[in-house]
Amino acid sequence: MRKVEIENPRYPHTITIVRMIVPDWLDDESETSSSSSSSEGDDDEMIIYQGPGRSFTDTTTTGDAKVDTNKRKCSIPVRFDQWPAADEKGNLRIPMSGDLVRVVKANITEEWEVRDFEPDNNRSIVYGELNRNLNVE
């Protein structure tokens, strides 16, 4: 009998969680520098997590004639109590609602929004929602 080795790693995908940092429109410093140009290019990204993970669907699709959304989850091999509390500026460095999750599955890239974050057995689970009309050209 021939033995066939199957490779099925626990965390096969590349996960990046990004928080968009938008300048405060009430801040005096940002007002003088961006008063003439208020484009979306002024936004910065703070990387919350970048590394291995497993992304999968929650098997729930909702929508109407115009927008379909899928519930998504990703499992990240970081324990809930091992996330850094904050950086030197006081910004929380844990996944929060509104952050973007970019998942690379072989040659497919998905981008969805974080809705919730909770602990699981020696890992963290991030819940989100994938808008099927987002980034469609």
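The values are calculated or read from the model by the stated rules, or taken from the named source; none is laboratory data. Treat the numbers as computed from the prediction; the structure is a model and nothing was measured. In this analysis, Cβ positions are derived from the backbone assuming ideal geometry, glycine residues included, and neighbour counts consider all displayed protein chains.
Structural remarks
- With respect to the conditions (1) in contact with a helix residue (DSSP H, G or I) (Cβ under 6 Å, 6 or more places away or on another chain); (2) at pLDDT below 80; (3) not acidic (Asp, Glu), Ser36 lacks only one, and its number is (1).
- Residue that is under 16 Å from Ile17 (Cα atoms), modelled with pLDDT of 85 or more, surrounded by 15 or more Cβ atoms within 10 Å (Cβ to Cβ) and not basic (Lys, Arg), where the choices are Glu118, Glu111: Glu111
- The number of residues in the stretch 98-137 being without any contact (Cβ under 8 Å) to a residue 40 or more places away in the chain, in contact with a Gly (Cβ under 9 Å, 6 or more places away or on another chain) and not basic (Lys, Arg) comes to 2.
- Leading residue by the ranking (modelled with the highest pLDDT) among those in the stretch 1-24 that are touching a Ser or Thr at 6+ places or on another chain (Cβ under 8 Å) and over 19 Å from Phe117 (Cβ atoms): Pro23
- Remark: Thr61 matches the filter, which requires a residue to be in a strand (DSSP E or B), closer than 15 Å to Arg132 by Cβ, modelled with pLDDT under 90 and of a type in the set (S, T, N, Q).
- Among the residues of the stretch 92-108, those that are surrounded by 13 or more Cβ atoms within 10 Å (Cβ to Cβ) and not charged (D, E, K, R) comprise Leu92, Ile94, Pro95, Met96, Leu100, Val101, Val103, Val104.
- You will find that of Asp68, Asp99, Asp120, Asp64, the residue that is under 16 Å from the mean Cα position of the chain (by Cα) and of a type outside the set (A, V, I, L, M) is Asp99 and no other.
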